[in-house]
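Sharing a structure, written as structure tokens. Questions coming.
The values are calculated or read from the model by the stated rules, or taken from the named source; none is laboratory data. The structure displayed is predicted, hence computed values, not measured ones. So basically every Cβ, Gly included, is an ideal-geometry build from the backbone, and we count neighbours across all protein chains shown.
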Amino acid sequence: MMEQKVIAVSGDEAVAYAAKQCKPDVVAAYPITPQTIIVERFSEYVANGEVDSEFICVESEHSALSACIGASLAGARVFTATSSQGLALMHEMLYIASGLRCPIVMAIVNRALSAPINIHGDHSDIMGSRDSGWIDIFCENSQEAYDFTIQAFKLSEDHDILLPVSVNLDGFILSHSVEDIKALSDDYVSKFLPPRIPYYTLDAEKPITIGALALPDYYFEIKRQQDEAYKKVLSKFKEISREFSKFSGRKYDVIDNFQIDDAKIALIGMGSTIGTAKYVAKQLRKKGKKVGVIGIKVYRPFPSKEIIKALENIKALAILDRALSPGALSAPLGLDIKALLYEYDFKIPVINFVYGLGGRDISPKEIVTIFNRIEKIAKKKTMPHGYEYIGVREK
Amino acid sequence: MSIKSLKELPKEEFFSSGHRMCAGCGPAICVRQTLIAAGRPVIMVSATGCVEVSTTVYPYTSWKIPWIHIAFENAAAVASGIEAALKKLSRDGKAKKYDVIAFAGDGGTFDIGLQALSGAIERGHDFLYICYDNEAYMNTGIQRSGATPHGAETTTSPAGSVIPGKKEYKKRLTDIIIAHDPAYAATASIAYWKDYMNKVIKGLDAKGPAFIHVFAPCPRGWRFPSNQTISIARLAVETRYFPLYEYENGKYTLSLDIPKPKPLEDFIKPQRRFRHLLDPKNKNILEELKIDVERNWERIKKLCSL
Amino acid sequence: MSKLKSWKELPIGGVILEAGSSLEYKTGSWRSQRPIINREKCIGCLFCWIYCPDSAIIRAEDGKVDVNYDYCKGCGICAAECPVHVIIMKEE
């Protein structure tokens, strides 16, 4: 294990610090709360000569991702960050980035989408973009925000992958709260992550055309080819995590199983709430209740096999969503899990809870309520349809 | 280094035949003149539009330079990213620092692309932005743009019985760009190849953002016979409709004075998009267009005399 | 044209690796009239060359020009712009 130093940083600062150590060639970003600290901190690093990056203060998020795509295609290592409205504004570019197979790492500080306008944390921004072909990683805490930013570059730039990666962290809850994290040394990060070797280059000796018009006779094949790359992501993520663990001592998998082995009921979700859920699970275990928590780390591509394996002995499941899919049978993660259970012929009762919209806090007490509800349906083997809200004032 | 004769120019081109642009296409001529003037490989970023779509129908490409198309409104933003990447990578000895040209139509420049272009110029990126102006959103079927002149018929400003043609006037885009104080800016017409090609060289040599607005007629959209493209591009200048000028170091310079302009009717008559203006009941619209052309000319002349 | 490729055979990301591959697409079939150049009277000014949208005017060794009928779309600009009127357009 390599030498690491403990630093007290907010989630945004952890991301900026990790990005600096990865030495991006180009960073093109536009500020939006609660991502602003990332761009501010990175600007300081550039202004003080701590990193030799071209920092482009673009005039909108759409231009931010456009510039990143251009730079990535030119062979540069690229980083950017955004939230909420910014992610929505660059929406068309998300599909282009993945369609053109551009290695890009983007930190998304998850924040609620307007309207109404709200600057606090929920997952509606990333859920609105889950089909854009990006690899989406979720962080439970600032340590993961730091670690995953570094690993994201390696994953994105791998010639078997060549897909853009988003590192998601909850707005304000993770982005602005200060935690202590273990940071690797600059040398180690450079050793783990050498400079990028581009797949294509812009070379006049071998000029290529990028972004051609593909009519119905070719579009389908090009998309099919892109889809194939996602099949390699989960195993590549595990491979990279194994390598990362050799020096950091922290080993990650595509999902994080907490006290799952002998659990009878479980809760599954993404983001900082998993941290709270783990705390509650520990308390309930002391009372003799066999509860477990599954935190999804890689949300897209969806880790189907790993989740099914984790649920092997589970009798009932709570699915936590920090976003809605209006008009759908369930909220986003709810839809994913229900489809998964059907496909594997694994019928256990589940309840899909929608919580925390617009940064509404979810307390340990509310999570206890969730576990109690799940315990009841485990016994009855029945489940309610659709999804339920927790934490909203109904009257 | 400036171009004096056509014979001295190399025969080999970085743009090949076999593209799908219409017979007589003005922008196609613009592309050729641009790359012949550059005389060396450049990286081109193209916005969505006639040129982009017609030159890269997968798996065919007419480009023999590194060429990138991303989307409609962000040619300048993509060019910014490439310019920054090449700056850094060449610093590290990992890539060659080619010139970057952003190539977009009036659609992708005057309207949807204005923000990205303004931002790129404000940030001072070293690139050349060329706007080929065929005065409408031609690729999607001849809809009006900010560059469409007053009174012109397009599919979204048809010459109807109540509203005969576009009500609004042509956006003075070049002057908006000049207000940003770029390293170099100019207007040009494909009929004046020597003037345009030398401006391309100046634009590429300029240290910082350069912008050229090129008048490139569209036989299909303006509805004139395909062999008239250059003639119309010439008449635009000769009638003072499209003045040719440059901007450098805070100074406007007229490229070609037109002391005795041809009547605007010479420019209007061959184009069926203006046919309704020759109807006596639309006389006032033609007058308004003439006044607009004169006002613009006087304004440019005054700026050039400062 | 040869059989269309499967997704496995395509370069990654819809990139076209072969520069100038549009040469395989002979646009000469588009035209309904063709330019005929009177070579004897051609003064080698090259205006037709610089005004051709399709690079279909070939600059010959003797400084004069010929037409590349594989790609000429018959727009007629060369004939219209020739200062000595030595190009005529003839129906195909």
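Name every residue in segment B:119-143 that is farther than 30 Å from B:A159 by Cα and among the β-branched types (V, I, T), in order of residue number.
B:I121, B:I130
Related question: Report every pair of residues separated by at least 6 positions or lying on different chains whose Cβ atoms are under 9 Å apart, first residue within segment B:1-25 and facing chain C (nearest Cβ under 8 Å), second in a strand (DSSP E or B) and of a type in the set (A, V, I, L, M).
B:K11/C:I58; B:H19/B:V57; B:R20/B:V57
Can you spot a residue in segment A:87-94 that is at the interface with chain B (Cβ under 9 Å from one of its Cβ atoms) and either under 19 Å from A:Q35 (Cβ atoms) or assigned to a helix (DSSP H, G or I) (or both)?
Yes - at least one qualifying residue is present in segment A:87-94.
Would you check which residues across segment C:69-79 are at the interface with chain B (Cβ under 7 Å from one of its Cβ atoms) and surrounded by fewer than 22 Cβ atoms within 10 Å (Cβ to Cβ) and list them?
Answer for segment C:69-79, where residues must be at the interface with chain B (Cβ under 7 Å from one of its Cβ atoms) and surrounded by fewer than 22 Cβ atoms within 10 Å (Cβ to Cβ): just C:A79.
Looking only at residues that are at pLDDT 95 or above and of a type in the set (V, I, T) in segment A:191-219, which one is surrounded by the fewest Cβ atoms within 10 Å (Cβ to Cβ)?
This residue is A:I197.
Could you tell me whether segment C:42-53 includes any residue that is in contact (Cβ under 8 Å) with a residue 40 or more places away in the chain and over 24 Å from B:K7 (Cα atoms)?
There is no residue in segment C:42-53 that is in contact (Cβ under 8 Å) with a residue 40 or more places away in the chain and over 24 Å from B:K7 (Cα atoms).
Is it the case, given these coordinates, that A:G86 is closer than 30 Å to A:Q225 by Cα and not hydrophobic (A, V, I, L, M, F, W, C)?
Answer is yes for this residue.
Could you list all residues from segment A:242-275 that are small (G, A, S), more than 19 Å from A:F153 (Cβ to Cβ) and surrounded by fewer than 15 Cβ atoms within 10 Å (Cβ to Cβ)?
A:G249, the sole residue that qualifies.
Further, regarding this structure: Pull up segment B:147-166, narrow it to residues that are closer than 21 Å to B:L114 by Cα and not basic (K, R), then point me to the one that is surrounded by the fewest Cβ atoms within 10 Å (Cβ to Cβ).
The qualifying residue surrounded by the fewest Cβ atoms within 10 Å (Cβ to Cβ) is B:T156.
Can I ask one more? Being within 23 Å of A:G70 (Cβ to Cβ) and of a type in the set (D, E, K, R) is the filter; apply it to segment A:5-54 and report the residue that is nearest to the chain's Cα centre (by Cα).
A:K20
One residue is enough: does segment A:99-108 have a residue meeting the conditions assigned by TED's automatic domain parsing to the domain that holds A:H159 and either of a type in the set (D, E, K, R) or in a helix (DSSP H, G or I) (or both)?
Yes, the conditions are met somewhere in segment A:99-108.
Among the listed residues C:I16, C:I57, identify the single one that is more than 9 Å from chain B (Cβ to nearest Cβ) and β-branched (V, I, T).
C:I57
Scan A:E44, A:E13, A:E50 and give me the residue that is of a type in the set (D, E), part of a helix (DSSP H, G or I) and surrounded by fewer than 19 Cβ atoms within 10 Å (Cβ to Cβ).
A:E44
Next up: Do any helices (runs of 4 or more DSSP H) lying entirely in segment B:26-130 carry at least 2 residues that are within 7 Å of chain A (Cβ to nearest Cβ), buried (at least 24 other Cβ atoms within 10 Å of the Cβ) and modelled with pLDDT of 95 or more, and which ones are they?
In segment B:26-130, the matching helices (runs of 4 or more DSSP H) lie at B:75-91.
Moving on. Please pick out the residue among B:A136, B:A152, B:A75, B:A79 that is more than 24 Å from A:T209 (Cα to Cα), in contact with a strand residue (DSSP E or B) (Cβ under 8 Å, 6 or more places away or on another chain), among the hydrophobic types (A, V, I, L, M, F, W, C) and touching a residue at least 40 places away in the same chain (Cβ under 8 Å).
B:A136
Further question: Residue check, A:P303 against (1) at positive phi; (2) touching a residue at least 60 places away in the same chain (Cβ under 8 Å), all met but one. Which one?
(1)
Next question. Taking the conditions exactly as written (under 16 Å from B:C131 (Cβ atoms) and of a type in the set (D, E, K, R)), does B:K194 satisfy them or not?
no
Sticking with this one: Mind checking which residues of segment B:223-251 are farther than 22 Å from B:K302 by Cα and of a type in the set (F, W, Y)?
Matches in segment B:223-251: B:F224 only.
Also, quick follow-up: Enumerate the pairs (first residue in segment B:167-178 and under 12 Å from B:L117 (Cβ atoms); second residue anywhere and assigned to a helix (DSSP H, G or I)) with beta-carbon separation below 7 Å, excluding pairs fewer than 6 apart on the same chain, so at least 6 apart or on different chains.
B:L173/B:T109; B:L173/B:F110; B:I177/B:I121
May I pose another question? Among the residues of segment B:144-154, is there at least one that is under 30 Å from C:M89 (Cβ atoms), in contact with a Gly (Cβ under 6 Å, 6 or more places away or on another chain) and not in a helix (DSSP H, G or I)?
Looking through segment B:144-154, at least one residue is under 30 Å from C:M89 (Cβ atoms), in contact with a Gly (Cβ under 6 Å, 6 or more places away or on another chain) and not in a helix (DSSP H, G or I).
Take segment A:218-249 and flag every residue that is part of a helix (DSSP H, G or I) and more than 30 Å from A:E3 (Cα to Cα).
Matches in segment A:218-249: A:Y219, A:F220, A:E221, A:I222, A:K223, A:R224, A:Q225, A:Q226, A:D227, A:E228, A:A229, A:Y230.
Please specify each residue of segment C:26-61 satisfying the condition of being out of contact with any strand residue (DSSP E or B) (no Cβ under 8 Å at 6 or more places or on another chain), crowded, with 19+ Cβ neighbours inside 10 Å and either assigned to a loop (DSSP other than H, G, I, E, B) or hydrophobic (A, V, I, L, M, F, W, C) (or both).
Listed by number, the residues that qualify are C:R31, C:F47, C:I50, C:C52, C:P53, C:D54.
Among the listed residues B:A186, B:A159, B:A233, B:A191, identify the single one that is away from every other protein chain (no Cβ under 14 Å) and closer than 20 Å to B:T34 by Cβ.
Sole residue among the options that is away from every other protein chain (no Cβ under 14 Å) and closer than 20 Å to B:T34 by Cβ: B:A186.
Restricting to segment A:220-241, count the residues that are surrounded by 13 or more Cβ atoms within 10 Å (Cβ to Cβ), out of contact with any Leu (no Cβ under 9 Å at 6 or more places or on another chain) and within 28 Å of C:L4 (Cβ to Cβ).
Number satisfying all stated conditions: 3.
To continue, here is another question. Which of the following residues is in a helix (DSSP H, G or I), surrounded by 15 or more Cβ atoms within 10 Å (Cβ to Cβ) and at pLDDT 95 or above: A:K278, A:K289?
On inspection, the qualifying residue turns out to be A:K278.
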